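Notes follow the structure.
Every read-out reported here was derived from the displayed coordinates using simple, explicitly stated rules and does not represent laboratory data. Computed from a predicted structure; not experimentally measured. Note that each Cβ is placed from the backbone with ideal geometry, even for glycine, and that neighbours are counted across all protein chains shown.
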Amino acid sequence: MNATERADGSHPRSVPPGAADVRTPRRRKGSPRRHLTPRRTATRTGQYAALLGYLAFLAFPLLWLLSTAFKPPRELGSLHPTWIPEAPTLDNFRQAFAQQPLAAAAGNSLLAAAVSALLAILLATPMAYVLARVRNRLSRAATGWVVISQAFPLVLVIIPLFLILKGLHLVDSRIGLIMVYVVWSLPFALWMLTGYVRAVPRELEEAAAMDGAGRLRTLVSVTAPLLAPGIVATALFAFITAWNEFFFALVLLKSPEKQTLPVVLTHFLGAEGVADLGPLAASALLATLPSLLLFAVIQRRITGGMLAGAVKS
Amino acid sequence: MTLATAPRRPTAPVAGRATRPRRDLGAWFLVLPALLPILVLSVGPLLYGIGLSFTDAQSGRTQATRFVGLLNFSDLFQDSLFWDSFRIGLIWAFGVTVPQFLLALGLALLLHLDLRLRWLARALAIIPWAMPEVVVGIMWRLVYHPDAGILNETLRDLGLSGTGDGRDWLSGLATALPAVIVVGVWAGMPQTTVTLLAGLQNVPIELHEAASMDGAGAWRRFRTVTWPALRPIALAVTALNFIWNFNSFALVFVLTDGGPGGRTRLPMLFAYEEAFRYGQFGYAATMGLAMVAVISVLLALYLVGRLKGDDDR
């Protein structure tokens, strides 16, 4: 019941006014010129109310997914669902694996995401280096393409892609899907990596060259170590996008044993009775964990890289 | 400025003149591995797709595909179902992009303040960004579920269930589109927030202090200091969000699959069905082209209008 009340707490009006009062002294420390006029306290309270509203909006579907995943069928069928499961169970997870080939699907997703991320990085890093260091018509055209390619509706690309892959006998093939994922993650990878290369001062490379290091040696022992964190972040991001991807997998793969996790998840939706909501929530939760963990690691670097790529090009 | 570039100048031309032919060749070797896949699987399909829209290409047909000129375009022009879908797509894209931006701006401004719970909001803001779209869709289906969903239960607790129990948000003719728009806002807001926040952190703090010394209130400081600095980022973010939203597929596919009665059938869903359910490749490509055309015109108007606004100031 307590939890239900907290859900109501999502309403901005029901913020305890004390919440703001507790914080004000610290704020005063930060900016000594400001005084705690009643008006300022009111502003603070409003700010906390708004923040709590945002927190509630962002959190409540997530909490509900979490809650549903651990509920036994009896509670899922209840007319008055509660936030906290009364008799939490792991049965939904067992059921989920029994109903759909989740483990195999996760394996397919892992393979497609890992291989395509690795290939995308291997292909994109040299090109990004050139785009960052050489300014000519080609590099401008390539950068332009990176931007333009974001604007296509996938449907205009997917039909020809489907026909091309069909001609190569790569429809309903893991290799075909991986090829598409590689090309699909290249624009973003190029964008990020070009930003990271620009952040490596050219002077460092020139100094190494003056010391007699060859071009390759300069790249390997000076540039590469400085780029490594950016490369890792970009690779992980490519992995996450491929892991999460749905549209290409839906169109390009037909055999059930090749399908990736997001496509298999939608199979739960077919004949969705109330009792099946538990396994659905449980498998959705499991499918999210890898992306979430990796994203938590790289988030700061990704936002930084996106802006770096944007500011300088 | 001159000092910083001066040391670079003398070395570059000398080294460049001696090694230019070789270096250019080296650059090609670095660029080709990424350029070839982009040409074959991204530029190529796009041109191919444009070509397809002038043909009667169908899936699994034995006759040769014929060039039909503008027939698809005149068909499309009279296809009221498609234009209904297009209208829904525009409502969806505006309905998601505008609140997404305003809410994200509000949250970014709050997160920029020194508030308690800021870490929690930041953490929560990452999660929807990392989640697979399919999972976001599944999660909100659980929230909207007529019997087992938390939304109806919360409304009942608040005494707002005037419409009767068990309202099915996603299958109601009037509620389906607003319901999926809320999900779109939820899913896209975090990324926009993080980008805007990064932009806010680049606003020089001295300007703010100077403005508040001059007695400028919060609103005035926002208008004269924060907004001008944030404007380019805001412009880019809203333009990209609009494109992404207009082209989005997985979220609505999972939530409603275009139903009820086509009320949420976005153009992408429409074209997908045309191509992969009915096999009309040529016609679906024409739809894709129409989408690109309208989006390009809208974006051009938006960007030109905004940039002009910049000059006037």
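Alpha carbon centre of the stretch A:67-94 versus the stretch A:180-227: separation in Å?
Taking the Cα centre of each part, the stretch A:67-94 and the stretch A:180-227 sit 52 Å apart.
Mind checking the full-extension length gain between A:L226 and A:R74? Use 0.36 nm per residue of separation minus the Cα-Cα distance, one decimal, nm.
Additional length available on full extension: 49.1 nm.
Would you order B:H112, A:H169, B:H145 from fewest to most other beta-carbon atoms within 10 Å of each residue's own beta-carbon?
A:H169, B:H112, B:H145
Starting from the exponent 0.38 and prefactor 2.2 Å, build the expected Rg for the stretch A:96-312 from its residue count and divide its actual Cα Rg by it.
Normalised Cα radius of gyration, the stretch A:96-312: 1.18.
Could I get the Rg over Rh figure for the stretch A:124-207? Both from C-alpha atoms, Rh via Kirkwood, rounded to two places.
Reported Rg/Rh (Cα atoms, Kirkwood Rh): 1.10.
What's the exposure ranking of B:V96, A:V171, going from fewest to most Cβ atoms within 10 Å?
Fewest-to-most Cβ neighbours within 10 Å comes out as A:V171, B:V96.
Run the numbers for B:V98 and B:Y278: contour at 0.36 nm per residue of separation, minus the present Cα-Cα distance, in nm.
Computed gain between B:V98 and B:Y278 is 61.4 nm.
From the phi angles alone, apply the Karplus equation (6.51, -1.76, 1.60; θ = phi - 60°) to the stretch B:289-295 and give each ³J(HN,Hα) in whole Hz, x where the residue is Gly or Pro.
5, 4, 4, 4, 4, 5, 4
When the dipole is taken about the Cα centre of chain B, and only Lys, Arg (+1) and Asp, Glu (-1) are charged at their Cβ, what size is it in debye, to the nearest 20?
Value, rounded to 20: 1260 debye.
Want the number for B:L81 to B:W28: 0.36 nm per residue separation, take away the alpha-carbon distance, what's left?
14.3 nm
With 10 angstrom as the radius, rank A:R198, B:R231, B:R87 by how many other C-beta atoms surround their C-beta, starting from the fewest.
B:R87, B:R231, A:R198
Can you compute the FRET efficiency between A:T82 and B:I50 using 1/(1 + (r/R0)^6), with r the Cβ-Cβ distance and R0 = 45 Å? Round to the nearest 0.05.
My answer for the efficiency is 0.25.
With labels modelled as points extended 7 Å from the Cα through the Cβ direction, what inter-label distance (nm, one decimal) is found for B:T224 paired with A:S255?
6.9
Which distance in Å, rounded to a whole number, links the C-alpha centroids of the stretch A:133-171 and the stretch B:81-142?
If we compute the Cα centre of each part, the gap is 27 Å.
Cα gyration tensor of the stretch B:75-312, axes a ≥ b ≥ c as square roots of the eigenvalues: rounded (a/c below 1.5), prolate (a/b > b/c) or oblate?
Oblate, since a/c reaches 1.5 and b/c is not below a/b.
Quick check on packing: order B:190-198, B:265-273 by the mean number of other C-beta atoms within 10 Å, highest mean leading.
So the order, starting with the most tightly packed, is B:265-273, B:190-198.
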